[in-house]
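Peer 1: Questions regarding the structure given below will be posed in turn.
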Amino acid sequence: MEEKEKLRIDKFLWSIRLFKTRTLATEACDKGKVRFNGRQAKPSKQVHAGEEYEVKTEAKKWLIKVLDLLHNRVQYSEAIKYYADLTPESELQRATFQAESFHTGKRLSKIGRPSKKQRRNWDGLVNGEE
């Protein structure tokens, strides 16, 4: 077996863009968020084509099948060719529902903090100017 044929699960999950950094992929493996055959997959587990993994990310719970090995991180349009998303429809609906109800904390436009011009106008009214 060539050296290139070996690939760790943490590196694979990072290269197919399920995790933003390899460190996050390794931490997910360590915390039991990556499972193979119902058991926790360690970050050093070797990945082979045809295997299926359950991966829990912040966004959703994935069920992926490895189609081919990807050793380097590539753009999304290329990365999706290396795995099949077998996530059940019910999980996809749950993930979209959570996304819709998720509040980012960003305030709505034109609501909230006053503009500089509005503050000047209010300061003029309070101080008796106009």
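FYI, it's all coordinate maths here, none of it is from the lab. What you see is a predicted model, and the numbers here were worked out from it, not measured in a lab. FYI the Cβ positions are ideal-geometry reconstructions off the backbone, even for glycines, and counts take in every protein chain you see.
Peer 1: How much net charge surrounds Arg39 when only the other residues with a Cβ under 15 Å from the Cβ of Arg39 are counted, with Lys and Arg +1 and Asp and Glu -1?
Peer 2: Values: positive: Lys31, Lys33, Arg35, Lys42, Lys45, Lys56; negative: Asp30, Glu51, Glu52, Glu54.
Surrounding charge for Arg39 is +2.
Peer 1: Fewest to most neighbouring Cβ within 10 Å: what's the order for Glu27, Glu58? Kindly include the intermediate steps, with their values, before the conclusion.
Peer 2: Working: Glu27 14, Glu58 9.
Arranged by neighbour count, lowest to highest, Glu27, Glu58 become Glu58, Glu27.
Peer 1: By how many nm would the segment from Ser77 to Arg113 lengthen if fully extended, with 0.36 nm per residue of separation less the alpha-carbon distance? It would help to have the intermediate numbers written out before the result.
Peer 2: Working: separation 36, 0.36 × 36 = 12.96 nm, distance 4.01 nm.
Result for the pair: 8.9 nm of gain on full extension.
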